[in-house]
1. Mind counting the residues in the stretch B:141-164 that are surrounded by fewer than 23 Cβ atoms within 10 Å (Cβ to Cβ), farther than 16 Å from C:L96 by Cβ and facing another protein chain (nearest Cβ under 7 Å)?
2. Out of the stretch B:166-220, which residues are away from chain D (no Cβ under 14 Å), open to solvent by less than 30 Å² (accessible area, probe 1.4 Å) and not in a loop (DSSP other than H, G, I, E, B)?
3. For the stretch F:15-29, which residues satisfy the criterion of being within 11 Å of chain E (Cβ to nearest Cβ) and either open to solvent by 20 Å² or more (accessible area, probe 1.4 Å) or at pLDDT below 95 (or both)?
4. When only residues in the stretch A:109-126 that are outside any loop (DSSP other than H, G, I, E, B) and among the hydroxyl-bearing types (S, T, Y) count, which is most open to solvent (accessible area, probe 1.4 Å)?
5. Within the stretch D:50-68, identify whether any single residue is farther than 30 Å from C:G203 by Cβ and in contact with a helix residue (DSSP H, G or I) (Cβ under 9 Å, 6 or more places away or on another chain), and answer yes or no.
6. In the stretch B:1-11, how many residues are open to solvent by 10 Å² or more (accessible area, probe 1.4 Å) and either away from chain E (no Cβ under 14 Å) or in contact (Cβ under 8 Å) with a residue 60 or more places away in the chain (or both)?
7. Show the residue pairs that are 6+ apart or on different chains and have beta-carbon atoms under 7 Å apart, the first residue being within the stretch A:173-191 and under 26 Å from B:V155 (Cα atoms), the second being hydroxyl-bearing (S, T, Y).
8. Just one of (1) in contact with a His (Cβ under 8 Å, 6 or more places away or on another chain); (2) more than 11 Å from chain A (Cβ to nearest Cβ) trips up F:A32, so point out which.
6 protein chains.
Amino acid sequence: MFLHRKETIMPVSVGTPDARFGQLLLEQFGGATGELTAALQYWVQSFHVTDAGIRDMLQDIAIEEFSHLEMVGKLIAQHTSKFDQQDVYDAPLFALKGVGPHLVDSCGSAWTASYINEGGNVVRDLRANIAAEGGARQTYESLMKHCEDQPTKKVLHHLLTREITHAQMFMKALGAMGKLDDPLFGTVAPDDTVNIVFNLSQGEDHRGPWNKKPFQYVTDPQPKGGFPPAPVNPDDEPAGSLAEAAA
Amino acid sequence: MFLHRKETIMPVSVGTPDARFGQLLLEQFGGATGELTAALQYWVQSFHVTDAGIRDMLQDIAIEEFSHLEMVGKLIAQHTSKFDQQDVYDAPLFALKGVGPHLVDSCGSAWTASYINEGGNVVRDLRANIAAEGGARQTYESLMKHCEDQPTKKVLHHLLTREITHAQMFMKALGAMGKLDDPLFGTVAPDDTVNIVFNLSQGEDHRGPWNKKPFQYVTDPQPKGGFPPAPVNPDDEPAGSLAEAAA
Amino acid sequence: MFLHRKETIMPVSVGTPDARFGQLLLEQFGGATGELTAALQYWVQSFHVTDAGIRDMLQDIAIEEFSHLEMVGKLIAQHTSKFDQQDVYDAPLFALKGVGPHLVDSCGSAWTASYINEGGNVVRDLRANIAAEGGARQTYESLMKHCEDQPTKKVLHHLLTREITHAQMFMKALGAMGKLDDPLFGTVAPDDTVNIVFNLSQGEDHRGPWNKKPFQYVTDPQPKGGFPPAPVNPDDEPAGSLAEAAA
Amino acid sequence: MFLHRKETIMPVSVGTPDARFGQLLLEQFGGATGELTAALQYWVQSFHVTDAGIRDMLQDIAIEEFSHLEMVGKLIAQHTSKFDQQDVYDAPLFALKGVGPHLVDSCGSAWTASYINEGGNVVRDLRANIAAEGGARQTYESLMKHCEDQPTKKVLHHLLTREITHAQMFMKALGAMGKLDDPLFGTVAPDDTVNIVFNLSQGEDHRGPWNKKPFQYVTDPQPKGGFPPAPVNPDDEPAGSLAEAAA
Amino acid sequence: MFLHRKETIMPVSVGTPDARFGQLLLEQFGGATGELTAALQYWVQSFHVTDAGIRDMLQDIAIEEFSHLEMVGKLIAQHTSKFDQQDVYDAPLFALKGVGPHLVDSCGSAWTASYINEGGNVVRDLRANIAAEGGARQTYESLMKHCEDQPTKKVLHHLLTREITHAQMFMKALGAMGKLDDPLFGTVAPDDTVNIVFNLSQGEDHRGPWNKKPFQYVTDPQPKGGFPPAPVNPDDEPAGSLAEAAA
Amino acid sequence: MFLHRKETIMPVSVGTPDARFGQLLLEQFGGATGELTAALQYWVQSFHVTDAGIRDMLQDIAIEEFSHLEMVGKLIAQHTSKFDQQDVYDAPLFALKGVGPHLVDSCGSAWTASYINEGGNVVRDLRANIAAEGGARQTYESLMKHCEDQPTKKVLHHLLTREITHAQMFMKALGAMGKLDDPLFGTVAPDDTVNIVFNLSQGEDHRGPWNKKPFQYVTDPQPKGGFPPAPVNPDDEPAGSLAEAAA
């Protein structure tokens, strides 16, 4: 059961409203790397993750992300609170949809659950979460770099920080399972090609820890599969030797 | 510059075609966790990643994923090669769109680049890639579990294995940067809330490495932000005390 | 700031798990008329609605909808808890994505913020909300009709009931503004065509309160606009009289 | 069967073409609140609504909305008819896709049927239509506010007016069924929680007609559901007490 | 200006309703190759095509396609008119969304304007239309193959026929411009690589009219571009020789 | 099996980086008419096309299109390589997502497989490909028109040229089947309405090769279908004569 307090986690009070910057902020409200993605991803995972401790962690963080979404929304509302005729073509999204946040990204694309990565296995879920935190952190850094309003920047700094906190928590959880540096999980053991590495993009090749021992590096990989059976298309025209016939 | 050899990496030759299973296989051709997502994600990253070695690795793996996409496509083509009237309502997607693979998932949803996670920073990219490999591996395990055709299962086993290989490679690269178990990256240092953990979902609480020391656990978090300014909506009706007035 | 209690609003305890019915339930988790749509629509509105009372109402209801989303998710998790090989082709979505809820509808389409209707004016918002409640109620009725598990049905009955409650609340709020039966709102008065009704679909015509007085019914409407200027396409080929020339 | 007359309902003749404003106008051609949404929503409803009079009304209005879509399209074609090099970055959408209307909104997002709300019950449909009219009217007001071309503004004024007319018609139809101010519809009676209202968002609480009598206001709602069964995930790792073990 | 007659172009009267087949029929109502795609594509083109004759043709055909959409909708409405409990899991889409047509395809994916291909040049538009007709025709053939109801099949046969008629019309128009067998159009002449053909997919190579004279066939193409400058990413970490360093 | 050489087909070396132009270029990287659409469309077709020669052609061209995608990506990477604070609101997409290409179009909409047209029949596929080439060529012309950097323009000229080459190849292949100017294909013969042409959009009518002989032109088409059965909606309210009753 959800509950809500109208006060925010930390103060949100924009100094100088700037509708253009408000449009950029939408990236973290209704964008791919935004707070809604994080909140819903972790929360949906909590329905199938069976480890009680990790489930609790997922829910704790999900609820915090909802509260962050609220803070980003408050920033956008304040940045668009002086919207006027001069802003029409600088921040057109608010000219037509109205001021305040909407569930679209900074380009006006509607948020989609296709951004979410989860399902079936807790290791997969936690790895997806570290990735999500990385994306969110990166966008906050971009926003901070382009932000000229100090009170806004302070909120963004806090939100960026929390992504690091959450990444750390997910790493700790994966580490406790021994899955932070072990790619294996699930119930299927790999076959005997697991240590082979192929040099498939040739030119300016480099070697590093990802293709040296224990990996076996194949410098000039060749197909081993032969030609699979030609397609049989019961819907298609009777075919055969059109090319030759036409020639 | 891309090149192509019509032979496949390993043999792809289905034993008993089953259009229903072919529809499930679409999940790895045109689905969120499928080979197209992986191929394009790594390849797009290669355009902005500046470390020459990691860029080479991303391209090597991307090209392999394209080759895997081809193998999944061949499996689907063969599984639908005997499609007939009896399959119409069991695998309706092929009844209308024709046999062979299409760029949709097993539910018929078109592939979208919203599945892709990349941009701005190599650490973020590599974390996204470990997550992508986790999702792909998980779906292959699900497919293997429901697969009754041994030659198909062997191909799936190889494809699952390679996801582990790639995850291992990405981990090695992250490890070489010291970023496998360190959440920090980029140019912004966290603020002083980085070690705080909030118990926001209450009941059945658990403690673990993710909310014990060095984390500072706040059992009953309270808002510190006060009430942000009420919204000002230049587009809205003059408002005020409707509730009280109406009452 | 959001808070969460792990207990649910009312008991959620499925009698006989049925993965197929679980797939139908997704319609109210990640579907157009589902709880996520309602929760986010009302909550996003609360950022720009300036009337303090209505804003409070929107937030109260939004939080309840999040709690309902949780209950639907719990139902799905329980209905898929016995998922086995026999369910693979009956509820394929869980076979590949894993058990428990996902943010897709019963056909596997990802939730999108395009479902949401809000912005710019509180009257518009409240009308959108009555519509949203109508859609949600309708889907719950459909689910109840096809539900064979009594404990599930009892939860669905409660959820359906609450949509009625919320619709009633939105109606009361609109009524307090005098906008329940008055189409006018905003700052632009209609022009003098406001009472004209056109009979544009001819045959089997009917008259009713919607096209009788005060409406003025035009039985055989004619265009009054003449031919607008022909298109000028600076990108196109020089054109002119192709048809005549070719003839 | 559809028919078409090339003349428009009322004159459409732009005074001073402005490609930037043309891009804003796309919101009502291929956007969420635009004429295509309205036209298709009402028309699709007409296939399942069984009341002959309301079906006729839906078709009459749908056909008018198609004619409005045409007028908006003509406005866009004329506003982009002088498109030149100076407009490239002011109205980039036309620089690449060509002049004239396209089925995208002002941000370039493709129109999607996810905007449509309909199905299963005529009361639900009519409520959805009042909401659709509200959204369309709101966007027209925004466009008028930013429009500097009088002939364009006159067309927009007419289109705004017609949304009010249609809203009025839908209200009359709902009123004739007694469903304008009665939330109940369909075949399922509500359970006994129908008059309870929860104060779930706390702080700055307000009372109004929506949470006073006949509603029963619960100021501090508590979960009554207990803890539902923990998830059982047949796909997941054997779990248990990771947190405690790790600790 | 649009007009509508409630009678259909030809009789639509299903013999034996079959909700499952109704779900397949959605492919031509709200699917990629369906009548809505055709109707809107041709109609949108008519706003920018400057040749008066071709514009008239586009509008004539667009209006017919709207009428076809109506006929497909009527078929779906009739095929779902006996929907009952037994159909719930055979045609689940109607169980939840209600009977009759909806703007989704047979898999439940919402129609999107991304299906539409148009803009900027009449030759491009007409080629897109021939392609659209080909797709529609192909889906009608698939539907006819799986259709057991003769009256339905007769309507489908007519609709398939009309796609051929339209394709013929578009071919005649292109032919009148000399663009049916000439790939050139627009204002930019090709460079001197226009006749080169590359053998980039090697193995099982074939020759035909598409890679014989006047084409110049390159059997083993080599890159001529050298290595473009390495990426410079102002957002990325200072990089350089990670691989070598780590090694 | 795919292979890759890091050198490009022809030199890609931007003279003066311009992030704004880079954003326009995204249209051919992640947009509807872009290289990814072409590459994947032809390649997916190759899985079901049974004629060996045409299959080989499809694969040859698909691989070239992947190489073109690479060249467009390199252009974008170079055009954004000097991205700085001044570019933030001119090319906002790169400010938030990072420099270099992303799989979105110039408006930031994610690439979707809904752009792809293929399936079931080789004639349909080839027609779709000629259409795809037309769209791609058109966008390249638009980009060239707005391009101020000569080295960039030279690459765009080559890419435009190759679309003509491919269109020519597809035309040759269709011609070899006799399907370039014959609308018929597949296994269903048209019914006897195939030569009728309807004048459904009235006013400013024109005649041309597309509606003269052998076509039979119907100047004032009338519905021949009568009124199909009124809808029966088992989900709807008992209906009947609401309009009359209410009157």
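1. Of the residues in the stretch B:141-164, 3 are surrounded by fewer than 23 Cβ atoms within 10 Å (Cβ to Cβ), farther than 16 Å from C:L96 by Cβ and facing another protein chain (nearest Cβ under 7 Å).
2. Scanning the stretch B:166-220 gives B:H166, B:A167, B:M169, B:F170, B:M171, B:A173, B:L174.
3. Within the stretch F:15-29, just F:P17 meets the criteria.
4. Here is the first cut: in the stretch A:109-126, the ones outside any loop (DSSP other than H, G, I, E, B) are A:110, A:112-115, A:122-126.
If we keep only those that are among the hydroxyl-bearing types (S, T, Y) as well, we get A:112, A:114-115.
Working: A:T112: 22, A:S114: 17, A:Y115: 39 Å².
Among those residues, the one meeting the criterion is A:Y115.
5. In the first step, residues of the stretch D:50-68 are kept if they are farther than 30 Å from C:G203 by Cβ; the result is none.
Scanning the stretch D:50-68 turns up no residue that is farther than 30 Å from C:G203 by Cβ and in contact with a helix residue (DSSP H, G or I) (Cβ under 9 Å, 6 or more places away or on another chain).
6. Step one: of the stretch B:1-11, the residues open to solvent by 10 Å² or more (accessible area, probe 1.4 Å) are B:3, B:5-7, B:9-11.
Of the ones still in play, those that are also either away from chain E (no Cβ under 14 Å) or in contact (Cβ under 8 Å) with a residue 60 or more places away in the chain (or both) are B:9-11.
So the count comes out to 3.
7. Here the result reads A:P190/B:T161; A:D191/B:T161, each pair linking the stretch A:173-191 to a residue that is hydroxyl-bearing (S, T, Y).
8. (1)
The values are calculated or read from the model by the stated rules, or taken from the named source; none is laboratory data. Computed from a predicted structure; not experimentally measured. Virtual Cβ from ideal backbone geometry, glycine too; neighbours counted across all protein chains shown. To get the accessible areas, we keep the full protein, side chains included, count just its heavy atoms, and leave off ligands, DNA and RNA. Shrake-Rupley method; radii C 1.70, N 1.55, O 1.52, S 1.80 Å.
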